[in-house]
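Structure record follows, encoded as structure tokens.
What follows is calculated from the coordinates using simple rules that are stated; it is not laboratory data. Note that this is a predicted model, so its numbers are computed, not measured. A quick note on method: Cβ atoms are made from the backbone with ideal geometry, for glycine too, and the neighbour counts reach across all protein chains shown.
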Amino acid sequence: MATQQSKSKLFLSTVIFGAVSISFYVLLFTNEKLVTDTFTKGGIYTLFPIGTVFLFSFIHGAFASNLLSLLGIEAKKK
Amino acid sequence: MKKLVIVVLFSLFLLPLASAVFAAGGAGPDKSMLKGVFTEINEAAHTAVLRKDGTTELKSLIIGEKVKPETLRLGKKVLVSLDHDAGENVIKDVSIMFMDMTLKKLLALLTVGLVGGILSGFIGSGGAFVLTPAMMSLGAPGAVAVASNMCHKFPKAMIGTYKRWKYGQVDIKLALTMSATAIVGVQIGVMIQKYILNKWGNDGSNLYVSAMFVVVLVLVGGYVAYDAYKLSKGGKDKPEQTASTLALAMQKINLPPMMNFKVAKVRISAWVTIPVGLATGMLAATIAVGGFIGVPGMIYVIGASAMVASATELGIAFVMGLWGSIQWGLSGLIDIRLSVLLLATSLIGVQVGALGTTYVKDYVIKITMAATMLIVAVSRGALLPGYLAKFGLVGQISPSTAAFLESLSFWALVAALGVAGFISTGAMVKGMIADRKESKLHIIAEADRA
């Protein structure tokens with residue numbers, strides 16, 4: 001029962017992180033021109049690309065980690 | 001107290017070296033490059049007006065002989081390189097900064113991102129040697145391809161480091177020590193590149209980069225292959241592999257400050273780590289893959305296992321990638337679309353590669369690394385005759401041979417990525433199946449006993 005519960009919890013967080021991640025991608029690509037123009041202004045605008053990849057890697061990285069666990073692809077247990 | 005004095009003296013030694021190389025100019029794009037939007041193009045008069053990015057300043061330019069005026073576009077952000085030999089403000093080359101994204105390009109980016117990610121999680125570095133050329137062939141200007149790859153590399157390395165740290169494989173202290181000297185190494189590498197570029201031009205620079213690629217990859221990759229072969233023949237059942245003779249000799253050098261690396265299980269003089277870090281940085285500045293020196297350096301000179309060395313390299317890649325991305329970002333050359341598309345799959349790949357290492361023996365990492373290095377060497381080696389011919393060092397090669405060598409070079413890169421992906425995932429899947437069988441047997445045995 002406990003594993004069933006943790007599995008559904010895992011499923012839920014995979015879906016949530018996945019949805020957030022996809023909406024970030026959609027947001028970025030629907031505003032492609034504005035984003036690419038602003039992000040390449042140089043100087044202080046460097047914070048935009050750096051911040052974006054940090055944000056993407058946390059959200060999308062968490063999604064990927066949950067997805068792999070859900071698929072049963074996990075590290076060897078010692 | 002004695003320890004403190006040594007550390008201060010040690011830092012004082014590094015400081016002038018660092019400041020000297022920083023003064024010579026950091027890593028990053030060529031300063032003579034202009035970024036902006038054309039507001040006016042006069043095809044008949046061979047002139048154009050460029051509004052420089054982030055300013056309202058307009059600059060009148062002369063369209064050089066090699067540039068076709070009809071290929072220039074109004075209103076799109078471009079990178080313009082100037083031909084200083086032809087006179088002032090003469091355009092040598094124009095490239096559109098942001099390529100149009102098509103479904104084909106999107107799929108290509110996702111695919112290389114995934115395989116590059118797996119490789120990176122598994123051997124600590126990888127991907128850059130094929131990601132940058134791949135983005136360039138999709139239409140990104142060279143500088144944008146390098147910048148966008150760098151900006152995808154550090155978050156990928158960060159996730160990979162975190163995963164492998166959880167598996168107890170990352171030596172954070174070693175990663176930070178190596179990064180500090182590697183950053184200085186990058187600056188030295190950039191200085192050498194600039195010197196060669198000024199003295200022998202673009203062809204000289206290409207020849208140097210390719211020659212370095214081949215020499216380093218054949219020598220180091222060959223040695224790693226030999227070592228992995230020896231281990232796979234005889235020593236693979238040994239639970240712990242012993243350090244190389246060179247590393248054991250290095251560990252005996254008792255020159256303070258001595259450093260203890262707990263995860264790597266090594267006590268070594270900080271002075272030994274300096275040349276390894278410098279070489280890693282220099283190689284990173286030259287061929288964009290510092291890990292090809294960093295990982296073997298940590299294994300054979302410092303004495304870490306391939307498992308710890310490849311995991312620690314991810315930590316180094318994070319620090320150096322972040323530092324490099326800030327440099328490229330300040331010049332405004334990162335195409336964030338390319339970075340996040342690569343991340344979409346590489347963040348999955350890097351975690352698969354990282355967890356894959358828990359199923360394989362140390363020597364499998366060495367085999368994967370050696371195979372990658374040697375095939376990449378073929379790819380670069382194929383370009384050498386062309387560059388040598390440009391310098392008149394060998395006879396001219398026919399256009400058909402040149403075309404053959406170029407396609408050989410490209411396909412060797414694809415093969416390198418494919419072979420490495422195949423070896424690592426193959427070994428991982430084999431390990432996973434064996435592990436599941438073992439745990440099933442274990443459960444049955446437990447049930448029998450009960």
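Using only the Cα atoms of segment B:176-290, build the gyration tensor, take square roots of its eigenvalues as a ≥ b ≥ c, and label the shape rounded, prolate or oblate: rounded if a/c is under 1.5, else prolate if a/b is larger than b/c, else oblate. It comes out oblate by the Cα gyration axes. Basic side chains Lys and Arg get +1 at the Cβ, acidic Asp and Glu get -1 at the Cβ, and with that the dipole of the protein assembly as shown about its Cα centre reaches some 1680 debye. Using all pairs of distinct alpha-carbon atoms, the Kirkwood hydrodynamic radius of segment B:155-238 works out to 16.4 angstrom. For chain B, the longest principal axis of the alpha carbon atoms and the long axis of helix B:2-23 meet at an angle near 20°.
Among B:D203, B:D362, B:D335, sorting on how many other beta-carbon atoms sit within 10 Å of each Cβ, with the fewest leading, yields B:D203, B:D362, B:D335.
Using the Kyte-Doolittle scale, which helices in chain A average at least 0.0 and also have C-alpha atoms spread 24 Å or more along the helix axis, with helices defined as whole DSSP H runs?
Details: long enough: A:2-30 (42 Å, 1.00); A:47-70 (34 Å, 1.57).
Sorted by number, the helices that extend far enough and score high enough are A:2-30, A:47-70.
Return the equivalent ellipsoid semi-axes of chain B as a descending list in whole Å, where each equals the square root of 5 times an eigenvalue of the C-alpha gyration tensor. Please report the intermediate quantities before stating the final value.
Working: eigenvalues 345, 140, 92 Å².
So the three semi-axes of chain B are 42, 26, 21 Å.
Here the label points at B:K252 and A:F54, each 7 Å from Cα along the C-beta direction, are separated by 4.7 nm in the simple model. Taking a ≥ b ≥ c as the square roots of the Cα gyration tensor eigenvalues, segment B:380-435 comes out prolate, since a/c reaches at least 1.5 and a/b is larger than b/c.
Rounded to the nearest 10 degrees, the inclination of helix B:128-138 to the longest alpha-carbon principal axis of chain B is 30 degrees. Per residue, the convex hull around the alpha carbon atoms of segment B:291-437 comes to 164 Å³. Round to the nearest 10 and give me the degree value, 0 to 90, for the angle of helix B:103-123's Cα axis relative to the longest principal axis of chain B. Tilt relative to chain B: about 40 degrees. Working note: Karplus 6.51/-1.76/1.60 with θ = phi - 60° gives segment B:151-165 the couplings 6, 8, 5, 6, x, 4, 5, 5, 5, x, 4, 4, 4, 6, 5 Hz, where Gly and Pro are set to x.
Just counting partner chain Cβ atoms within 10 Å, what average do the residues of peptide A:29-36 show around their Cβ?
Working: counts 5, 0, 0, 5, 2, 0, 5, 8.
Neighbouring Cβ atoms belonging to other protein chains average 3 per residue here.
If you take the Cα Rg of segment B:161-210 and divide it by 2.2 N^0.38 Å, with N the number of residues, what do you get?
After normalising by residue count via 2.2 N^0.38 Å, the value is 1.74.
Within the listed set B:S409, B:S424, B:S232, the Gaussian network model of chain B (springs between alpha-carbon atoms below 10 Å) gives the highest mean-square fluctuation for B:S232.
Measuring r between the beta carbons of B:K59 and A:E32 and using R0 = 22 Å, the FRET efficiency lands at 0.25. The amide H of B:G127, built 1.01 Å from its N in the peptide plane, has no neighbour under 5 Å, considering only residues 5 or more places off or on other chains. Could you pull out the pairs from B:K166/B:K252; A:K76/B:K166; A:K76/B:K440; B:K166/B:K262 whose alpha carbons sit more than 19 Å apart here? Going by Cα-Cα distance, B:K166/B:K252 fall outside the 19 Å limit.
On alpha-carbon atoms, Rg over Rh for chain A using Kirkwood Rh?
Radius of gyration relative to Kirkwood radius: 1.16.
Quick note on segment B:33-96: its Rg to Rh ratio, both from C-alpha atoms and Rh being the Kirkwood radius, is 0.91. Rounded to whole Å, give me the distance from the Cα center of segment B:251-270 to that of segment B:117-167. If we compute the Cα centre of each part, the gap is 31 Å.
One quarter of the convex hull surface built on the alpha carbon atoms of segment B:224-362 amounts to 10.2 nm², the projected area averaged over directions.
Sorted largest first, the spans of the alpha carbon positions of segment B:47-159 along the three principal axes are 51, 27, 26 Å.
Applying D = kT/(6 pi eta Rh) to the protein assembly as shown, where Rh is the Kirkwood radius over alpha-carbon pairs, T corresponds to 37 °C and eta to 0.692 mPa s, the Stokes-Einstein value obtained is 133 µm²/s.
If I stretch the segment between B:Y229 and B:E406 completely, what's the gain in nm (0.36 nm per residue apart, minus their alpha carbon distance), one decimal? List each step's numbers first, then the result.
Values: separation 177, 0.36 × 177 = 63.72 nm, distance 3.09 nm.
In short, 60.6 nm is gained.
A 25 angstrom limit on the alpha carbon distance is what I want to check against. Which of B:K163/B:K366; A:K9/B:K437; B:K92/B:K199; A:K41/B:K59; B:K66/B:K199 exceed it? Working shown, then result.
On the way: B:K163/B:K366 20 Å; A:K9/B:K437 27 Å; B:K92/B:K199 19 Å; A:K41/B:K59 18 Å; B:K66/B:K199 22 Å.
Check vs 25 Å cut-off fails for A:K9/B:K437.
Taking each pair of different alpha-carbon atoms in segment B:269-351 once, compute 1/r for the pair, average those values, and report the inverse of that mean as the Kirkwood hydrodynamic radius in Å to one decimal. Here the Kirkwood hydrodynamic radius works out to 14.1 Å.
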